[in-house]
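To start, the structure under review is shown below, and the notes come after it.
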Amino acid sequence: MLSIRGRRCVITGGSRGIGLAIAKLFAFKEANCTLIGRHEESLEKAVQSLCSKPLQSHKWLAFDVSDPKGWEELMQNKKSNPIDILVNAAGISQNSFLMNTPEAELDKILDVNLKGTILGCKSVILPMMKRKTGCIINISSLLATHGGRGASVYAASKAGIIGLTRSLAWEVGRFNVRANVIQPGYIHTDMTKGMNKDGDLAALIPMGRLGEATEVAEAALFLATNKYAHNCVLNIDGGLSAT
Ligand code: NDP
C-alpha cells in the first residue's frame, strides 16, 4: 500500500462538498493539498479547515477549470513542486429537460465537467509520465451510465469522463501513472440540497439513504494508495447501480 504522506495533491472542486471531503481526508493522512475552485474566499476558508501538521503546507488557486490559462498558471506554480495526485471533482449539475436547456447552459456543463477534467488530465500527465509516478482520480456520476430525468447533458459530460479515463489509462499505465474514476450515487452536498424531499429519493436507494461526502473520500483514498488500482470505475452509491 502506498502512503500519501508528503504527497502533493491537487483537488478541483476543493472548496466544498466531495472535493473538500477528499482534501480533508488526504490532509489528515498528511498529504499536501492545493485546492481549486472559483472563489478565493471559500477556498481560503476550506484550506483553513484542513488538518495541518508542521511539515504540511496547503494552498489554493482560484480559477475556472474550463479555462486552459488557469491550468497553465497552476503548472507554472508546480514546476519545482510536481503534482503526485490530481483529483478532478469540480462539477456543476443540470436541472432541465434537454428540450428546455439553452445552448449556453449546455456549453457550460460540458465545459466545466468534461473539458475541465480533460484539461486537468492533459496538464499533469507528461510531468507524471516523466517522473514515472502519478495518480489521477476523476469524479464521474452514477447518472453517466444510468441516466436520469433532467440530467441529459450532465450525464453525457460524466459519461465522457469515463471514456476519457479509460483511454488515458491505456496511454499512461506503462509509465506507472494510474487513472481511475469514482461514480458516486446521490451524496449529501450542496448539489443535492432539496432533492430528498420527504425521503422520496432515499426510498429508491437499496441502503435507504443518501451517501456522505466522506464516504466518497474514503474511495478516493483507496484509489490513491492501491498501487495496482488502474482503469477502475468505482461505484459508491448505496447499491443504486445494481437496481
Ligand atoms: P458541490 O456543488 O457541493 O461542489 C462543486 C465544487 O465544484 C465546488 O467546489 C465548486 O467550487 C467547484 N466548481 C464548480 N464549477 C467550477 C468551475 N467552473 N471551476 C472550478 N471549480 C468549480 O458538488 P459536489 O461536491 O456534490 O460534487 C463534486 C463532484 O461530484 C462533481 O463533479 C459532481 O458532478 C460529482 N457528483 C456529485 C454527486 C452528488 O450527489 N453530490 C453525485 C455524483 C457525482 P466554487 O463554486 O467555489 O467555485
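What follows is calculated from the coordinates using simple rules that are stated; it is not laboratory data. Owing to the predicted nature of the structure, the values given are computational and were not obtained by experimental measurement. When we count neighbours, we look across all protein chains shown, and the Cβ atoms used for this are built from the backbone with ideal geometry, even at glycine.
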Test item: Cα-centred dipole of the range 104-234, Lys/Arg +1 and Asp/Glu -1 on Cβ, debye: 680 debye
Rg followed by Dmax, in Å, when the range 106-243 is reduced to its Cα trace: 15.7, 52
Karplus-derived 3J(HN,Hα), 6.51/-1.76/1.60, for each residue of the range 80-91, Hz, glycine and proline x: 8, 9, x, 7, 8, 9, 10, 10, 9, 10, 5, x
The range 133-139 - phi-based ³J(HN,Hα) in whole Hz, Karplus 6.51/-1.76/1.60, Gly and Pro as x: 7, x, 8, 10, 10, 9, 9
Whether the range 135-199 is rounded, prolate or oblate, judged on the alpha carbon gyration tensor where a/c under 1.5 counts as rounded: prolate
Amide H partners (placed H, <5 Å) of T34, local residues excluded: C9, V10, I11, K59
Built amide H within the under 5 Å cut-off of G211, gap 5+: Y186, I187, H188
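With a cut-off of 8 Å between alpha carbons and a minimum separation of six or more residues, what is the relative contact order of the chain in percent?
Reported relative contact order: 20 percent.
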Sequence-distant lysines (8 or more away, or on other chains) whose Cα lies within less than 22 Å of K122: K59, K69, K78, K79, K108, K130, K132, K158, K227
Calculated from backbone phi, Karplus (6.51, -1.76, 1.60) coupling profile of the range 174-191 in Hz, x at Gly/Pro: 5, 9, 6, 9, 9, 9, 9, 10, 10, 10, x, x, 8, 10, 5, 8, 4, 5
Estimated [θ] at 222 nm from DSSP helical runs (n ≥ 4, -39500 (n - 2.57)) normalised by residues in the chain, nearest 500: -11500 deg cm²/dmol
Cα-based Rg and Dmax for the chain, where Dmax is the largest Cα-Cα distance (Å): 17.1, 54
Contour minus Cα-Cα distance for D64 and S49 (0.36 nm per residue): 3.2 nm
At least 15 Å along the helix axis (C-alpha) and Kyte average at least 1.0, DSSP helices within the chain: 17-28, 213-225
Positive dipole terminus of the range 83-136, leading residue within V87, L114, I125 (C-beta point charges): I125
Long-range HN-HN contacts of I136 with modeled amide H, under 5 Å: L86, R178, A179, N180
The range 8-242 - charge dipole about Cα centre, Lys and Arg +1 at Cβ, Asp and Glu -1, debye rounded to 20: 900 debye
